[in-house]
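Engineer: Here it is, the structure, as structure tokens.
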Amino acid sequence: MSIPHAIAARHKGFNRAEIVDQNFVEFVQFWQGEVGDTPRDHDPVLPGSSLDARGFRELFESQLISRHLDLMARVLRVQNKVFYTIGSSGHEGNAMVARATRHTDPAFLHYRSGAFMAERFRKLPGMDPVMDSALSFAASKEDPASGGRHKVWGSKPLWVLPQTSTIASHLPKALGTAIAIEQAPRIGHTLPIPDDSITICSFGDASSNHATAQTAFNAAAWTAYQKLPAPVLFVCEDNGIGISVKTPGGWVASNFRQRANLDYFYADGLDLSGGYADVERAVAHCRNTRRPTFLHLNTTRIMGHAGTDFEIEWRSVEELVALEATDPLLRSAAIALSSGLYDKPTLLALYDSIRRRCFEAAEDADGRPRLSSLADVMAPLAPYTPDAVRAEAERSDYVEARERAFGGAEKLPEAQAPRHLAIQINQALHDLMAKYPQTLLFGEDVAQKGGVYTVTKGLHKTFRNARVFNTLLDETMILGLAQGYANMGMLPIPEIQYLAYFHNACDQIRGEAASLQFFSNDQYRNPMLVRIASLGYQRGFGGHFHNDNSITALRDIPGLVVGCPSRGDDAATMLRTLAALAKVDGRVCAFLEPIALYMTKDLHEAGDGAWQFSYPAPGEAMALGEGRIYGEASDNDLVIFTFGNGVPMSLRAARRIEATHGWKVRVVDLRWLVPLNDPFIQAQAASAKRILVVDEGRKSAGVGEGVITAIVEGGYGATPLHRVVGADTFTPLAGAAFLVLPGDDDVVAAAALLA
């Protein structure tokens, strides 16, 4: 495609956005091609094209809307009226993907998706892509996608789940959603979308190299290899560069064209007339075959990565001019003129009218209210309706389902003798699976084997493959699956085999699952209950990866709920509340299971059976934040705050402390680690003469800091206080493990210091 010589001669002093804008105007003004017979609405826009004239006009308008939103953002950012300038210029061909799919096909989008959104807005009447986008650019409280919390492409009625500035982290949950669409009928679950829906997931060529992207591609192929349906359309928008790092020519095609069980299609996203048929073929293939499909969409990048990317500082003028000559809007303008659908004055008038529309919307949005209080900002982050959660947690109207799950009324767990932690977690999971037919339990080894520690033993036999199943060994994908099931209205219970393994996939909770309510203004939720075998004290077995005490990675995730029981009955009542939090309030919940306490039966001496408890009958549940107190309110010579393994440890130490010092000791099991219940902690500290905080986490990053902060902020900082905590190191093998983790003797010694 040729451009006027005057454009090519422009030098580095010019604003590239202005040049791109003027390029379009001059291209139309100087265009001298032949004009064919004007096609009717349903005629091909050009001979041989599968895109009809009406379709072209609408796609072209969507492209122009996207372009002028970009240009508007560049102009108004310097006036502090717009707060986001990563644009879609050069990627406007993704509008074809929106046109070829349905508005009920869940979409997880790349940030360069302005044209996709403009086109998808056509699917429902009465919606305005320009005003909605302007409100988002302006961080307006009235932004229908995120309520002003972030510039995201999102829409609840259009099934576009809002993403932040993701670098491939959305691919696992897009695949998980596709798998969930197919899973729903197998468990009798009614989907919120049509059964033949597909998921759409777009990303850039640079992001395709990311480990999280490769995880999703591998899992998709792994699924297809087993002939299991996974209707996900991966759309790689290949513009040949990631910020400033160029993708080797032909790399995407070379890497994906021959990849087994990931069906490859190519489409030219720079040419609506020629590319649309290939986009349609890829979409139809994905929908009809239910196989993971990779659409390689050729795009370019115009005007740099963002408004702050001054490409002229690191790219030559000649290279920029050559790139700007590939602008897809120039090709669309040529189609518009040569087809006879537009003449020059009409096309330029359309271009200017959309410009005015975008700027007018932006000025309007700038006058709308923005988030102005912390309460407003945080409102959708962690919704909690205590009465509704308690009612759901205590609901026990599933008697027949329980009896089927346990094999008869005489085998119900509350009718059995007191048992230890692992057994009662297992019984509680049977209970939840019976109570919630939409619940799925999955992870590595959880099915026939029953988990590494047999905690899920029997669940597969009772609830079969459709609801209890093994996954591939990939924590990122396990949590991606969980998000997909949650998106489709199910209640997932994924298992992460060890806490150390969670760190491999932390961003699936931190950046994705726990952020969705916040960035969608509570329009979308990711309810899930993540079980994690956790903490240390396995008597030297397994070293660090099986004795990980790093809880801080979880405590630092906004909106996450983290519970950690130390005994079986607490585990059961806590699980009921966690499931209710997920179901009622859409919360993302983590349940830390202390591995070393799984099989613990005794407390003070062998055979005392003092760490086995009766199973709580349905109707009993533990309120969020509710701790357990061992002792009386008058036992105030020493108050010990702890959790997990620290509870039986502290109880044993308390007996020795009482014998040595004659003190009355109260032990407080926090049970809930996120959020910490500050008023509860302060109430227990109020009468304490001395305080110990026993934290099996690490000195620099545990739970104890939060407990001490609550005590100090409650006004009890003058109370003599000491912390017993793990060392800042990884856990070694064998007996050396007990050199880095706190023990009974350490608690007793700390009490002596307070004496």
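The values are calculated or read from the model by the stated rules, or taken from the named source; none is laboratory data. None of these values were measured; they are calculated from a predicted model. Backbone-built Cβ (ideal geometry, glycine too); neighbour counts: all protein chains shown.
Engineer: Of 466, 447, 482, which residue is out of contact with any Gly (no Cβ under 8 Å at 6 or more places or on another chain) and in a helix (DSSP H, G or I)?
Structural biologist: Result: 466 is the single residue among 466, 447, 482 that is out of contact with any Gly (no Cβ under 8 Å at 6 or more places or on another chain) and in a helix (DSSP H, G or I).
Matching residues to (1) in a strand (DSSP E or B); (2) modelled with pLDDT of 95 or more; (3) under 23 Å from residue 477 (Cα atoms); (4) over 20 Å from the mean Cα position of the chain (by Cα):
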{"position": "164", "(1), (2), (3), (4)": "no, no, yes, no"}
{"position": "168", "(1), (2), (3), (4)": "no, no, yes, no"}
{"position": "179", "(1), (2), (3), (4)": "no, yes, yes, no"}
{"position": "197", "(1), (2), (3), (4)": "no, yes, yes, yes"}
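Engineer: Also, I was wondering about something else. When you check residue 718 against the structure, is it surrounded by 14 or more Cβ atoms within 10 Å (Cβ to Cβ) and either over 12 Å from residue 641 (Cα atoms) or under 35 Å from the mean Cα position of the chain (by Cα) (or both), yes or no?
Structural biologist: Considered against the rule, which asks whether it is surrounded by 14 or more Cβ atoms within 10 Å (Cβ to Cβ) and either over 12 Å from residue 641 (Cα atoms) or under 35 Å from the mean Cα position of the chain (by Cα) (or both), residue 718 comes out as no.
Results for (1) surrounded by 20 or more Cβ atoms within 10 Å (Cβ to Cβ); (2) aromatic (Phe, Trp, Tyr), shown as yes or no for each residue.
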position	(1), (2)
578	yes, no
582	yes, no
617	no, no
621	yes, no
630	no, yes
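Engineer: Against the conditions (1) touching a strand residue (DSSP E or B) at 6+ places or on another chain (Cβ under 8 Å); (2) exposed (fewer than 14 other Cβ atoms within 10 Å of the Cβ), where does residue 318 fall short? Just the number, please.
Structural biologist: The number of the failed condition is (1).
Engineer: Still on this structure: Listed residues 718, 736, 701, 727; which is within 23 Å of residue 665 (Cα to Cα) and among the aliphatic types (A, V, I, L, M)? Break it down into steps so the answer makes sense when it comes.
Structural biologist: Working: 736 fails: within 23 Å of residue 665 (Cα to Cα); 701 fails: within 23 Å of residue 665 (Cα to Cα); 727 fails: within 23 Å of residue 665 (Cα to Cα).
On inspection, the qualifying residue turns out to be 718.
Engineer: Let me ask something additional. Would you pick out the residues in segment 580-608 that are touching a residue at least 60 places away in the same chain (Cβ under 8 Å) and assigned to a loop (DSSP other than H, G, I, E, B)?
Structural biologist: Within segment 580-608, 586, 587, 598, 599, 600, 601 qualify.
Engineer: Here is a follow-up. Identify all residues within segment 344-371 that are free of Cβ contacts under 8 Å to residues at least 40 places away in the same chain and of a type outside the set (A, V, I, L, M, F, W, C); write none if there are none.
Structural biologist: Keep residues of segment 344-371 that are free of Cβ contacts under 8 Å to residues at least 40 places away in the same chain, which gives 345-346, 349, 352-353, 356, 360, 367.
Scanning segment 344-371 gives 345, 346, 352, 353, 356, 360, 367.
Engineer: Identify, by number, the condition in (1) under 29 Å from residue 578 (Cβ atoms); (2) surrounded by fewer than 23 Cβ atoms within 10 Å (Cβ to Cβ); (3) within 37 Å of the chain's Cα centre (by Cα) that residue 738 doesn't meet.
Structural biologist: Just one mismatch for residue 738, condition (1).
Engineer: While we're here: With respect to residue 259, is the statement that it is of a type in the set (D, E, K, R), over 24 Å from residue 58 (Cβ atoms) and without any contact (Cβ under 8 Å) to a residue 12 or more places away in the chain true?
Structural biologist: When the stated conditions are applied, residue 259 does not pass them.
Engineer: If we keep just the residues of segment 239-249 that are more than 24 Å from the chain's Cα centre (by Cα) and not β-branched (Val, Ile, Thr), which is modelled with the lowest pLDDT?
Structural biologist: 244
Engineer: Continuing with this model, one more query. From the set of residues in segment 45-76 that are of a type in the set (Lys, Arg) and in contact (Cβ under 8 Å) with a residue 60 or more places away in the chain, which is nearest to residue 327 (Cα to Cα)?
Structural biologist: Among those that are of a type in the set (Lys, Arg) and in contact (Cβ under 8 Å) with a residue 60 or more places away in the chain, it is 67.
Engineer: Out of segment 33-57, which residues are within 40 Å of the chain's Cα centre (by Cα) and not acidic (Asp, Glu)?
Structural biologist: Of everything in segment 33-57, those that are within 40 Å of the chain's Cα centre (by Cα) and not acidic (Asp, Glu) turn out to be 49, 50, 51, 53, 54, 55, 56, 57.
Engineer: Those residues that are surrounded by 20 or more Cβ atoms within 10 Å (Cβ to Cβ) and under 29 Å from residue 99 (Cβ atoms), I need them from segment 207-223; list them, please.
Structural biologist: Scanning segment 207-223 gives 207, 208, 212, 213, 216, 217, 219, 220, 223.
Engineer: For segment 722-739, enumerate the residues that are without any contact (Cβ under 8 Å) to a residue 40 or more places away in the chain, out of contact with any Asp or Glu (no Cβ under 9 Å at 6 or more places or on another chain) and either hydrophobic (A, V, I, L, M, F, W, C) or in a helix (DSSP H, G or I) (or both).
Structural biologist: Once the filter is applied, which keeps residues that are without any contact (Cβ under 8 Å) to a residue 40 or more places away in the chain, out of contact with any Asp or Glu (no Cβ under 9 Å at 6 or more places or on another chain) and either hydrophobic (A, V, I, L, M, F, W, C) or in a helix (DSSP H, G or I) (or both), segment 722-739 yields 727, 739.
Engineer: Shifting gears a bit: If the requirement is being within 30 Å of the chain's Cα centre (by Cα) and among the aliphatic types (A, V, I, L, M), which of these qualifies: 399, 377?
Structural biologist: Selected residue: 377, the only one of 399, 377 that is within 30 Å of the chain's Cα centre (by Cα) and among the aliphatic types (A, V, I, L, M).
Engineer: Do the conditions hold for residue 346, that is, is it buried (at least 19 other Cβ atoms within 10 Å of the Cβ) and either part of a helix (DSSP H, G or I) or β-branched (Val, Ile, Thr) (or both)?
Structural biologist: no
Engineer: Now, a different point. If we keep just the residues of segment 98-112 that are in contact with a strand residue (DSSP E or B) (Cβ under 6 Å, 6 or more places away or on another chain) and within 15 Å of residue 66 (Cβ to Cβ), which is surrounded by the most Cβ atoms within 10 Å (Cβ to Cβ)?
Structural biologist: Ranking the candidates gives 109 first.
Engineer: Within segment 376-444, considering only helices (runs of 4 or more DSSP H) that don't extend past its boundaries, which have at least 2 residues that are under 25 Å from residue 625 (Cβ atoms) and in the same structural domain as residue 576 (by TED's automatic domain parsing)? First the steps, then the outcome.
Structural biologist: Details: elements: 386-394, 399-406, 421-435.
Where helices (runs of 4 or more DSSP H) fall fully within segment 376-444 and carry at least 2 residues being under 25 Å from residue 625 (Cβ atoms) and in the same structural domain as residue 576 (by TED's automatic domain parsing), they are 421-435.
Engineer: Going by the structure shown, is residue 719 of a type in the set (Ser, Thr, Tyr), touching a strand residue (DSSP E or B) at 6+ places or on another chain (Cβ under 8 Å) and either more than 22 Å from residue 564 (Cβ to Cβ) or in a helix (DSSP H, G or I) (or both)?
Structural biologist: Against the criterion (of a type in the set (Ser, Thr, Tyr), touching a strand residue (DSSP E or B) at 6+ places or on another chain (Cβ under 8 Å) and either more than 22 Å from residue 564 (Cβ to Cβ) or in a helix (DSSP H, G or I) (or both)), residue 719 qualifies.
Engineer: Residue 649 is checked against (1) modelled with pLDDT of 95 or more; (2) over 34 Å from the mean Cα position of the chain (by Cα); (3) closer than 19 Å to residue 711 by Cα and fails just one. What number does that condition carry?
Structural biologist: For residue 649, the exception is condition (3).
Engineer: Give me the pairs: first residue in segment 277-302 and assigned by TED's automatic domain parsing to the domain that holds residue 102 and outside any helix (DSSP H, G or I), second residue surrounded by 22 or more Cβ atoms within 10 Å (Cβ to Cβ) and of a type in the set (Val, Ile, Thr), beta-carbon distance under 6 Å, and six or more apart or on different chains, which are they?
Structural biologist: If the second residue must be surrounded by 22 or more Cβ atoms within 10 Å (Cβ to Cβ) and of a type in the set (Val, Ile, Thr), the pairs left are 292/232; 295/235; 296/252; 297/235; 302/20.
Engineer: Okay, next question. Answer with yes or no whether residue 387 is more than 17 Å from residue 21 (Cα to Cα), of a type outside the set (Lys, Arg), at pLDDT below 95 and out of contact with any strand residue (DSSP E or B) (no Cβ under 7 Å at 6 or more places or on another chain).
Structural biologist: No, not satisfied.
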